[in-house]
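Visitor: Below are the structure tokens for one structure; questions will follow.
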Amino acid sequence: MEVLREKVEEEEEAEREDAAERAERARTEKMMRQVEVRKEETTLTQEMLRDLEKKLSEIRIPVSVEVPAFTKDTIDISMLPVSYKTNTSKEEQLLQLADNFSRQYSHLCPDRVPLFLHPLNECEVPKFVSTTLRPTLMPYPELYNWDSCAQFVSDFLTMVPLPDPLKPTIKREEKVLPKKYTIRPPRDLCSRFEQEQEMKRQQEIRAQEEKRLKEEEERLMEAEKANPDALHGLRVHSWVLVLSGKREVPENFFIDPFTARSYSTQDEHFLGIESLWNHKNYWINMQDCWNCCKDLIFDLGDPVRWEYMLLGTDKPELFLTEDDSGINNEDDVENLHSWVEQIEISPEAFETRCPNGKKVIQYKRAKLEKWAPYLNHNGLVSRLTTYEDLECTNILEIKEWYRNREDMLELRHINKTTALKTDYFKPGHPRALRVHSYKSMQPEMDRVIEFYETARVDGLIKREETPRTMTEYYRGRSDFLSYRHVDFGPRVKKLTLSSAESNPRPVVKITERFFRNPAKPAEEDVAERVFLVAEERIQLRYHCREDHITASKREFLRRSEVDSEGNKIIVTPDMCITFEVEPMEHTKKLLYQYETLMHLKKEEKLSRRQVWESELEVLEILKLLKEEEEVHTLTISIYDTKRNEKSKEYREAMERMMHEEHLRQVETQLDYLAPFLVQLPPGEKLTRWQAVRLKDECLSDFKQRLINKANLIQARFEKETQELQKKQQWYQENQVTLTPEDEDLYLSYCSQAMFRIRILEQRLNRHKELAPLKYLALEEKLHKDPRLGELLKMFT
Amino acid sequence: MNRLYTSLEPRVIDDGMLKLAVGEQRPQEEAGKLAKQEGILFKDVLSLQLDFRNILRIDNLWQFENLKKLQLNNNIIEKIEGLENLTHLVWLDLSFNNIETIEGLDTLVNLEDLSLFNNCISNIDSLDALIKLQVLSLGNNQIDNMMNIIYLRRFRCLRTLSLSGNPISEVEDYKMFICAYLPDLVYLDFRRIDDHTASVSLSVSQQAPRFLGKGKEVAEAKHHYSIEELKHRENLMQAQMEEEQARREELEKHKTAFVEHLNGSFLFDSMYAEDSEGNKLSSLPGVSELLEAYRDKFVIICVNIFEYGLKHQEKRKTELDTFSECVHEAIQENQEQGKRKIAKFEEKHLMSLSAIREEVEMPNIEKMILECSTDISELFDALMTLEMQLVEQLEETINMFERNIVHLVGLFIKNVQSLMAQCRDLENHHHEKLLEISISTLEKAVKGNLDKDLSEDVRALFVDKNTIVNAVGASHDIHLLKIDNREDELVTRINSWCTRLVDKIRRDEIMRNRKRVKEISLYIDHMKSELDNLEYSDILD
């Protein structure tokens, strides 16, 4: 951070500024100071101690969705509330006060930077800085603590960071103490003089090389920082100061709002502080900043060190507590009212974090792009592009991070210079893929696939392919196979392309290596076997015994394997060349050799089959990867109620059902008797006579309603029919004189009318059918009604 | 009794029969031809079938060292014998014979499957050595005692058992009994023991006390108790054995430190064990107190020696461990170097060999072959140099180790001797005191004031001065002799241990060196002969 002389505006936390305001301030400062790189700083005063818990727990967040750009037109001023555009009388008074304060200050300290007291806001209205802050408590737990909160804020800001000085890595060498009986190294018979000479010579060469490298590096460095900061010590920035005391903050520290990193107040990047502000007051630093901020004392109650602007809030915070804030001084600006709207962040916006869910950070020779999860259809969440040159034109490599991919792809690394792509997968891919690096998705090209071997039955760790070879590495197999290397020959052109069947490349050589099988003696445990398919030879190399330096070998020549008749094999002693570390008797026998050969032949067939299967598997994997790349479905957690369509549907269906159920219940509770019961004197028991009357009344009333309804439908039906008839009459009379439009109109009317009539007719019929049933149902219901039931039963 | 072949003459296994059997059972087809061509050695045979041959006596099988499977079923064998050398045997079938007792199987420790079906066996025993036994077939025999089942409890791997056709299988709760007593069994009489039966038998055997009074359950309850008792006894035995083992190990540890039996009053007690005079004298007044004090002091010194010995043993052990580790590392490192050299050579050699094969020009071939042979001799030189280097280095290290270990042993001996000298001083001191008391007692005796309660033996000593002095002296001599013996034993043993150790190290090193040299020359010879063969074949071509 190259922050030079800073005017520090006092503030509780950076987060309390809203983004627009921040942009505005930055703009103002730009005009004032004409600096290119700016950082906003705010500080958390000890002032806060007064408001103890409350203030610290109040976390302010910039308005979310708006893009804090440096151009004015991105903010729609017309939508802003009145408080943004005008000043109240109180604010005017405050501004005058600030003006006065500023004038006094510039009179007293003419060589200091003018104060940052009342910048213009986005509506070009001057506002006192403290009133731009509005403590707000947000509902997100992440925003409760400074670090994640600062991270959130920094996501909204665009920053221009300066290059970090390269730090040399230090190598540390360890010396092992020699053990007691360590054998002496063999006597060195070389001439020491010669060695020394040689060493000297090499050292010289090395020194020259180093010098050259250094010069080169220096040249590069020089080129990179061509302008050695002409503005050193002149820039003004804003950042956040958090004062110790509340919420277990052990010591004062700074937060840089752009990077969300915290710095000690001793950090030498902060050259000094002009002023501080929070939402209550404004202080000017009267201490000497010759030694950066290291010697500053942040006791804001000390008027010698910190000149306050407003009298009302200048309490020495270290000793006063909350209750003091209740005491009003004569000054009516005591309670500053912020003109800023309360910040509201919707959960979506909170999750999106950056404006529009996308953020681009430009680094030296690199660019980092970030996206909110689920914003990109392929699950891309961030991309880091590194460039060769400072102008960022030649791409060196690209790293793309993905999240929530169904194929568990986590990171894709593209090296532009070698065109090598490397995909990294999390555990859970259907083919147990871990890493896949390739240049092309075509089969039989250079590629390396690594697997999660525990997820595979065959214990395959890695498969490397080149156009002519395939190498596989295994671990943890019961047959102790550790390595298989296959050399392919050029593909033989098939003359009869009968079908789309694959034409596998001919296998020339298969080399297999095995781990030591502790159950077998070393001289019977094969370490390596080579099937030279083309030459019809099999080479075996056995494991080396613990106290030996040579290993047994055996080579089978199968020149005369098949005679003219068929499968009969004639074994001759010269078919097998053997070297045994300790010659054994039984292996000399032809029978043994014959059996071994037979066994090996079977094994060879098996190995070839496995090679073929491996090739098939690669094809399948490639196919699967291609499909996945095209579909790139994202997984959605079942707890993600907003995105998970299925659960959403289910939930909605549940809600609908609940609602319907509720309606039904309401209906069943409808009391038919209520209007009739009301007519009777309340609180009296019904007599039988009353009950019968009640029932009759209720039924007749219902009957009347049914009849009315039928009549109504009938009437409408008749009306429609009449109208139609009239229209038809009219048409027949005027048919000759009608224009085509009128005719069309008439026809459409007819069809609509017919439709209505038909519907009415249907409804009438249905009503006629249902009415008696409904009537009976009501009677039944009344019979069962607990209020009437008893009496009616006696009656009947 | 198998009388199937009574019409035939009983036979003894002889060479001819074996050859015939081996020949018949050799591999088929091409491999068979090869086998016939080459002949089969008895010791290469892994499986042998000698059934339906009317064999009465097993003999001549000692050559089949590697035999894994032997079938002797359906003969008229009466006695198991002649199988002592077949230690690799896994599968032995002796079914349908006339065997009456199980015997002669004590060396067959690898046996897993034993069939004695349809014999005349009445008792299961003599199977203790067969710890790997998994399948035991004893059907159709004369076993009538249930207690035989308990004998089978010791075979932890036993999973399959057949006992049908024996008198015991007629017993009502035969199955339950076996399930209860052999809980690890999976198959009984060719049937899988279903979990239900197992659990019933188990649960019955455990919960039986609740069902007392009902016929079957009573039996089960009995099983329960007896099983519990058995288990208890077995556990006790186990614990006892473990304890014994631990004690033996402890003693072994002390012995390697050469200070066994010094961590107590053992030496002191042994001093008085053969010392009749001393024992007699101890009944004198004042002597017992003296003896007590002497004993305490003596034991303290012994314990000192003991602890010192253990400490020194630890030191020697670390010394030896460091040495072996370093030597091992050096050898490993050397081997690695050798392996690297060989690997490098082989790579090059293979290339040049194939080059030679492809070459057509005769002079070129000769040149290349020459090159190859120089390569081989270079490799030989390099490997031998490496080996000689290692030998020198190890020699030096061994010498250093020897110096150190001898020094350690010397130091130990010196210190033990000084401690022993303290023992002797104590003894001398004690002797003087005892003599004093004896003399004074003698004076009393002369005056006739001898205590009444002294025994006649003791009184007999106080006849005159000579007798008593001799007696005390004899006691003293015995004590000193004991101490000297112990000391000598310790010194001799540790010295011989030291010599043996160093000898062994040197011998091992020589053996290693010879082996390596042999290995190298073998390899080089092979390489050379390969090259020669190539030469010949080229010439022939």
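The values are calculated or read from the model by the stated rules, or taken from the named source; none is laboratory data. Keep in mind that what you see is a predicted model, and the values were worked out from it rather than measured. Glycine also receives a Cβ, built like all others from the backbone with ideal geometry; neighbour counts cover every protein chain displayed.
Visitor: Residues to consider are B:369, B:300, B:305; find the one that is away from every other protein chain (no Cβ under 13 Å) and in contact with a Leu (Cβ under 6 Å, 6 or more places away or on another chain).
Guide: B:305
Visitor: Then there is this: Quick one: residue A:634 ticks every box in (1) within 14 Å of another protein chain (Cβ to nearest Cβ); (2) in contact (Cβ under 8 Å) with a residue 60 or more places away in the chain except a single one, so which number is it?
Guide: The number of the failed condition is (1).
Visitor: Among B:7, B:47, which is the only one that is modelled with pLDDT under 80 and more than 14 Å from chain A (Cβ to nearest Cβ)?
Guide: B:7
Visitor: Separate question: In region A:404-428, how many residues are under 19 Å from the mean Cα position of the chain (by Cα) and at pLDDT 85 or above?
Guide: Qualifying residue count for the region: 12.
Visitor: When region A:703-737 is examined, which residues are found to be surrounded by 14 or more Cβ atoms within 10 Å (Cβ to Cβ) and farther than 17 Å from residue A:766 by Cα?
Guide: Of everything in region A:703-737, those that are surrounded by 14 or more Cβ atoms within 10 Å (Cβ to Cβ) and farther than 17 Å from residue A:766 by Cα turn out to be A:720, A:721, A:723, A:724, A:727, A:731.
Visitor: Any residue in region B:480-494 that is more than 14 Å from every other protein chain (Cβ to nearest Cβ) and not in a helix (DSSP H, G or I)?
Guide: Taking every residue of region B:480-494 in turn, none turns out to be more than 14 Å from every other protein chain (Cβ to nearest Cβ) and not in a helix (DSSP H, G or I).
Visitor: Is it true that residue B:322 is loosely packed, with under 15 Cβ neighbours inside 10 Å, within 14 Å of chain A (Cβ to nearest Cβ) and either among the β-branched types (Val, Ile, Thr) or in contact with a strand residue (DSSP E or B) (Cβ under 8 Å, 6 or more places away or on another chain) (or both)?
Guide: No, not satisfied.
Visitor: Taking residue A:361 as the residue in question, decide whether it is closer than 30 Å to residue A:139 by Cα, in a strand (DSSP E or B) and either among the β-branched types (Val, Ile, Thr) or assigned by the TED database to the domain that holds residue A:620 (or both).
Guide: When the stated conditions are applied, residue A:361 passes them.
Visitor: So the check is Cβ under 9 Å with 6+ separation or different chains; which pairs have a first residue in region A:577-603 that's assigned by the TED database to the domain that holds residue A:558 and more than 15 Å from residue A:557 (Cβ to Cβ) and a second one that's modelled with pLDDT of 80 or more and aromatic (Phe, Trp, Tyr)?
Guide: A:580/A:542; A:581/A:542; A:581/B:523; A:586/A:592; A:603/A:531
Visitor: Still on this structure, I have one more. What pairs come out if I take residues in region A:85-111 that are closer than 17 Å to residue A:283 by Cα and pair them with residues that are part of a helix (DSSP H, G or I) whose C-beta lies under 8 Å away, six or more apart or interchain?
Guide: Final answer for the pair search is A:94/A:131.
Visitor: To continue, here is another question. When you go through A:634, A:624, A:619 one by one, which is the residue that is among the aliphatic types (A, V, I, L, M), in contact with a Gly (Cβ under 6 Å, 6 or more places away or on another chain) and surrounded by 12 or more Cβ atoms within 10 Å (Cβ to Cβ)?
Guide: A:634
Visitor: Scan region A:586-609 for residues that are within 14 Å of chain B (Cβ to nearest Cβ), surrounded by 15 or more Cβ atoms within 10 Å (Cβ to Cβ) and under 60 Å from the mean Cα position of the chain (by Cα) and jot them down.
Guide: Passing the criteria: A:596, A:597, A:601.
Visitor: Against the conditions (1) within 14 Å of another protein chain (Cβ to nearest Cβ); (2) surrounded by 14 or more Cβ atoms within 10 Å (Cβ to Cβ), where does residue B:497 fall short? Just the number, please.
Guide: Among (1) within 14 Å of another protein chain (Cβ to nearest Cβ); (2) surrounded by 14 or more Cβ atoms within 10 Å (Cβ to Cβ), residue B:497 violates only (1).
Visitor: So residue A:136 passes all but one of these: (1) outside any loop (DSSP other than H, G, I, E, B); (2) of a type in the set (S, T, N, Q); (3) at pLDDT below 80. Which condition number does it fail?
Guide: Only one criterion in (1) outside any loop (DSSP other than H, G, I, E, B); (2) of a type in the set (S, T, N, Q); (3) at pLDDT below 80 is unmet by residue A:136, namely (1).
Visitor: Hey, another quick one. How many residues are at pLDDT 80 or above and buried (at least 19 other Cβ atoms within 10 Å of the Cβ) if we restrict to region A:103-128?
Guide: Looking only at that region, the number is 2.
Visitor: Let me ask something additional. Determine which single condition residue B:454 fails, assuming it passes every other condition in (1) farther than 30 Å from residue B:520 by Cβ; (2) outside any loop (DSSP other than H, G, I, E, B); (3) not basic (Lys, Arg).
Guide: (2)
Visitor: Would you confirm, using the coordinates I've provided, whether residue B:441 is within 14 Å of another protein chain (Cβ to nearest Cβ) and not small (Gly, Ala, Ser)?
Guide: no
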